Amino acid sequence: MAVPTALLFPGQGSQKVGMGRRLAADHPVARDTFVEADDAIGSAISRLCFEGPKEELVKTENAQPAILAVSIATWRALHAESALAPSWVAGHSLGEYSALVVAGALAFPDALRLVRVRGQLMQQAVPEGVGAMAAILGAEEAAVAGFCEQAAGDEIVTAANLNGAGQVVVAGHRAAVDRVIELARTAGARALPVAVSAPFHCPLMAPAAAGLRTALAEVTISAPTVPVVTNVDATPTTDAGRIRELLVQQVTAPVRWGASMQQLSELGCRRAVEVGPGQVLTKMLQRMRLGVEAMAADAGQWHALGAQA
């Protein structure tokens, strides 16, 4: 009997030099995927994944298509070797585009070009040094919302990632984020600055959202073949028009990841497989204790996954 399974796709921050290199060497379908990615965006994104340099890979406009390419290469290799068939897909921020490709809503080349533009728009939306992000650990979402309200003053700081298991990432003007850090620490929570080049998923990203709306208008979005649990409303959808609008909203709205995982658990999901570089989402889901087995896809697990499917 098939285990109700979700595929989870990581977002920016999961990139590392060397990602996908072994995958491409071992799996022709993955190697072909990287060739397709290079052709789609007109540059050697594969070489950047495999060899770096790190300072280029971490740039938002490069990291986003690079992670997307590795995620899709991983899924295609996994799919070729196992009988795994997801009942749902979800992706964290950028990872939502990987999820949409796997669900058949976006063509892979279109998604690559979109996320490169998305990365450029997000980087350009706020001058470097003006914004910041911080992770607040060990505080409830309502408490963090209170810190943000108290710290904002005439600036902007809001929750950007509601990751569940006591982790909330905030974003906004640098000084306001610093004030949230101090308030959180005073209240007994851990608060750590996040090394990013822009304050993602907050109202400061409004110019990027407007630009992305224009880019999305030129791309075909089809109804996904499996439900996509979206970041903005944490519910599954197969509505192509709704997906287009949510991708615009996603740029300025918080990523409701904890609620998305709770939704999957309530829908009957019993296994989640992280597809792409790293294990960030796997570890996050394990901490939530929702009764969903969480694992990261790697070559050693693929046949076992197929056997359970």
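The table below gives the values:
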{"item": "Loop GluC sites (Glu not before Pro), segment 203-272, which have at most 12 other Cβ atoms in a 10 Å radius of their Cβ (DSSP)", "result": "GLU218"}
{"item": "Kyte-Doolittle at least -1.0, axis length at least 24 Å by Cα - qualifying DSSP helices, the chain", "result": "60-81, 108-125"}
{"item": "Over the chain, relative contact order from alpha-carbon pairs under 8 Å, at least 6 apart, %", "result": "24 percent"}
{"item": "Dipole magnitude (debye, nearest 20) for the chain, charges at Cβ of Lys, Arg, Asp, Glu", "result": "440 debye"}
{"item": "Computed helical MRE - 222 nm, the chain, DSSP H runs ≥ 4 contributing -39500 (n - 2.57), nearest 500", "result": "-15000 deg cm²/dmol"}
{"item": "Dipole of the chain [Lys/Arg +1, Asp/Glu -1 at C-beta], most positive-end residue of TRP257, GLY138, PRO207", "result": "GLY138"}
{"item": "FRET efficiency estimate (nearest 0.05) - Cβ-Cβ, ALA240 to VAL29, R0 22 angstrom", "result": "0.25"}
{"item": "Dipole in debye (nearest 20) - segment 131-196, about Cα centre, beta carbon charges: Lys, Arg +1; Asp, Glu -1", "result": "220 debye"}
{"item": "Cβ-based net charge around GLU36, under 14 Å, with every Lys or Arg adding one and every Asp or Glu removing one", "result": "-1"}
{"item": "Cα-centre dipole for segment 68-200 with unit charges at Cβ (Lys and Arg positive, Asp and Glu negative), debye to 20", "result": "360 debye"}
{"item": "Measure of compaction for segment 131-196 (Cα Rg per 2.2 N^0.38 Å)", "result": "0.92"}
{"item": "Segment 131-196: relative contact order in percent, alpha carbon pairs under 8 Å with at least 6 residues between", "result": "46 percent"}
{"item": "Volume in Å³ per residue [convex hull over Cα atoms, computed for the chain]", "result": "116 Å³"}
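We did not get these values from a lab; they are worked out from the coordinates using the rules stated. Please read all numbers here as calculations on a predicted model, not as lab measurements. Note that each Cβ is placed from the backbone with ideal geometry, even for glycine, and that neighbours are counted across all protein chains shown.
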